[in-house]
Amino acid sequence: MKRITKKELFFEKTLKLISEKAFKAKTMRDLAPELNFEVANVYNYIDSKEALLEDYLFSTLEEFVVYLDNIMNSSYSPVEKLKFVISKHVQYTLNKPYEVSLFVYEWRNLKGEKLEEFKLKRSGYISTVSNIIDEGISEGSLRKMDGEFATFMVISSMRWLFSMIT
């Protein structure tokens, strides 16, 4: 059995606390006692609470983008691609609910260039999902519908799933 390091435990607990109590509601000074850390020791692991948020959000988004790129580069039909995208979201929500919580609720706490970069990447991700749906509609494997509406229904359904299990 793998021993969890103090650093891994720190990140696991911090992620859970921020997810449960909201990013803005907690300072690192508030988190330190809950983690059994001195405030000064917290900064041995992270530069700031904002840097922690950025790291989690961008690593989660990157994981989804890589997965989506692999799906897009496959020879699967649009319906199969859409099933894989939805399946990935369901698996991720069940296996990493705290990361998903940050992704769903806390991305708005990014600032400046990081916020704009995140929005751009998120829009690209949504656009790719939209392309899968549009391709399925145009080839007849999905019934005719408004592609933009269908895309937002898929994305919203995945957010809804998260809210139901937490």
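The values are calculated or read from the model by the stated rules, or taken from the named source; none is laboratory data. In this text the structure is predicted, and so the values were computed from the model without any measurement. Cβ placement follows ideal geometry from the backbone for every residue including glycine, while neighbour counts extend to all protein chains displayed. Only protein heavy atoms, including side chains, enter the accessible area calculation; ligands, DNA and RNA are left aside. Shrake-Rupley method; radii C 1.70, N 1.55, O 1.52, S 1.80 Å.
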Of the residues Leu115, Leu142, only one is free of Cβ contacts under 8 Å to residues at least 24 places away in the same chain and open to solvent by less than 40 Å² (accessible area, probe 1.4 Å); which? Leu115
Identify, from the list Asn41, Asn95, Asn70, the residue that is free of Cβ contacts under 8 Å to residues at least 24 places away in the same chain, of a type in the set (S, T, N, Q) and surrounded by 13 or more Cβ atoms within 10 Å (Cβ to Cβ). Asn41
Region 17-37, subset of a type outside the set (A, V, I, L, M, F, W, C) and surrounded by 15 or more Cβ atoms within 10 Å (Cβ to Cβ), residue nearest to Tyr105 (Cα to Cα): Ser19
If I go through region 81-92 residue by residue, how many of them are within 17 Å of Ile137 (Cβ to Cβ) and surrounded by 15 or more Cβ atoms within 10 Å (Cβ to Cβ)? 4
Enumeration of residues in region 44-57 that are in contact (Cβ under 8 Å) with a residue 12 or more places away in the chain, open to solvent by 30 Å² or more (accessible area, probe 1.4 Å) and over 11 Å from Glu99 (Cβ atoms): Tyr45, Ser48, Glu50, Glu54
For Ser156, are the conditions met, namely being free of Cβ contacts under 8 Å to residues at least 24 places away in the same chain and exposed (fewer than 13 other Cβ atoms within 10 Å of the Cβ)? yes
